[in-house]
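Comments concern the structure below.
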Amino acid sequence: MWLTFKSVCRYRTVKRFWQLMVLAVVACLLVISGAWAQDTKLENGAPVTMQENSAKWQQTLANAQGQSVYFYAWGGSKPVNDYLRWAAKEIASRYKITLRHVKVADISEAVSRLKAEDGSKSAIDLLWINGENFSYLKKQHLLLGDLWSQLPNSQLLATQQLPLQNDFGVPMDGFEVPWGVGQFNLIANAGVFKQSSITPQSLLAAAKLHAGRISYPRPPEFHGTTFLKQLLLGLSNNDKRLFEPATGDAQNDVLPLLWDFLDQLHPLTWQQGKAFPSSNTEQLLLFQQQQLVMAVSFNPNQLAKDQNEKSIAASAQRLYFSQGAITNSHNLAIPKGAQSPDGAKVVINFLLSELAQAQKLNGTWGDPAVIRPLLDKASILPAQQELHSSWQQVIEEQWQQKYGA
């Protein structure tokens, strides 16, 4: 009996030991899985990201081989077009994908096409969009979702340093991916402005001193509309309602500030406000020809790039509005009806790579990088949040009614 009892005790001891060991292993696994889940989150709580060597990404690469990706993107800039030609060659060589740049004057052309197709098979595989166009497509459920988690290079995005997860006040929620960033700035002759940060009042003072030599692109060209937004932010002291949907009451309160200011400014501008440059490209040309003392840009590297090419005087200055430079990303999205969605994902992932981002930054385009390894703090201006997307149409329509005739 004693031996039997002893054996039973020993058995119970061993059994208890193994139970404790199993519990310990389970606990460790839970801790490890929790840590893994945190480690694979992007900054600011963005989704878990697929790894380059994962079976799923390798399958995406295999599916993409031989596909043609029709990329609908703005075609109004030679440096941009040159960059996309470079990217197309790299993508063809590396992934056996044909990237075709379908040049559009305004991406709203592609949005109208997607609206008509209503989610069915589309000739559009990839879009360069932001702002109200993105807001509309997202609301209509016309975009492929969950992109960030499916692209290995999205883990490189500088989401803590740059405002990359909202687009004109609308959360991206994985329906588009940033691939570049713009910051609104002015380029002016030395001495036109006394400080590197300006206000609507200092702009008006400069227009009085340089009558007929200051202007801005005609809205709805986006540089011109953003110029109006910057003025409105300064005149309203960053009224918080500008970052919310544009209600009738908010419009009635803040927009008269802008129209009253423009009524004072326009008689002092180029062509006395009866005509405007058609784009920032035309305005920059007028600046280079010394017909204007100021130009506008959405590229904080524009001045340095043009000075390096000796197309702008070395004494010219880069300026920004004292409320901060309106900052937004330009983004890539895949329509729900895309015929080559895997090819489009591979293209986006390549455009987020260090190679492609470095070429975009250091080549003729000079567009700032959006990934952490290539952030250049010296070129980034103090940032100002974009207005809610609903203000864009309101400002453009009312400007057209008042000054567009």
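Quick rundown of the values:
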| quantity | calculated |
| --- | --- |
| Where the chain is the region considered: accessible area per residue in Å², 1.4 Å probe | 48 Å² |
| T364, T159, T199, reordered so the largest accessible area comes first (probe 1.4 Å) | T364, T199, T159 |
| Mean Cβ count within 10 Å, highest first, over the residues of peptides 118-127, 217-226 | 217-226, 118-127 |
| Net charge, T226 excluded, C-beta distance under 14 Å - Lys, Arg +1, Asp, Glu -1 | -2 |
| Most to least packed among 395-405, 273-283 [average Cβ atoms within 10 Å] | 273-283, 395-405 |
| Computed [θ] at 222 nm, deg cm²/dmol, the chain (DSSP H ≥ 4; -39,500 (n - 2.57); rounded to nearest 500) | -14000 deg cm²/dmol |
| Additional length obtainable on full extension of the chain from K78 to K139, 0.36 nm per residue less Cα span | 18.7 nm |
| 5 angstrom amide H check on L143, placed H, neighbours 5+ away | K336 |
| Within the stretch 75-111: backbone nitrogen closer than 19 Å to the S278 label point (7 Å, Cα to C-beta) | 75-81, 103-109 |
| Spin-label pair Q195/S149, simplified geometry with 7 Å Cα→Cβ offset, distance in nm | 4.7 nm |
| Charge sum, other residues only, whose C-beta stays under 10 Å from S390's C-beta, Lys/Arg counted +1 and Asp/Glu -1 | -2 |
| Cα centroid of the stretch 76-122 to Cα centroid of the stretch 376-396, whole Å | 25 Å |
| Cα-based helix-to-principal-axis angle, 108-117 vs the chain, degrees rounded to 10 | 50 degrees |
| Residue-span extension gain [A405 to V102] - 0.36 nm each, minus C-alpha spacing | 105.9 nm |
| Rounded, prolate or oblate (a/c below 1.5 giving rounded, otherwise prolate when a/b exceeds b/c) for the stretch 122-172 by Cα gyration tensor | oblate |
| Aspartates and glutamates with Cα under 16 Å of K103, excluding same-chain neighbours fewer than 8 positions away | D82, D125 |
| Highest to lowest packing among 237-246, 318-327, 343-352, 61-70, scored as the average C-beta count within 10 Å | 343-352, 318-327, 61-70, 237-246 |
| From the coordinates shown, Kirkwood radius over Cα pairs in Å corresponds to which of (i) 23.6; (ii) 22.1; (iii) 21.2 | (i) |
| Spacing of the two label points (7 Å from each Cα toward its C-beta) at D260 and Q65, in nm | 6.7 nm |
| Approximate spin-label separation D239-A211, in nm, with each point projected 7 Å along Cα-to-Cβ | 3.2 nm |
| Given K336/K377; K310/K377; K56/K336; K194/K229, the pairs whose alpha carbons are separated by over 28 Å | K336/K377 |
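The values are calculated or read from the model by the stated rules, or taken from the named source; none is laboratory data. Keep in mind it's a predicted model, so treat the numbers as computed, not measured. FYI the Cβ positions are ideal-geometry reconstructions off the backbone, even for glycines, and counts take in every protein chain you see. Side chains included, ligands, DNA and RNA excluded: accessible areas come from the protein's heavy atoms. Shrake-Rupley method; radii C 1.70, N 1.55, O 1.52, S 1.80 Å.
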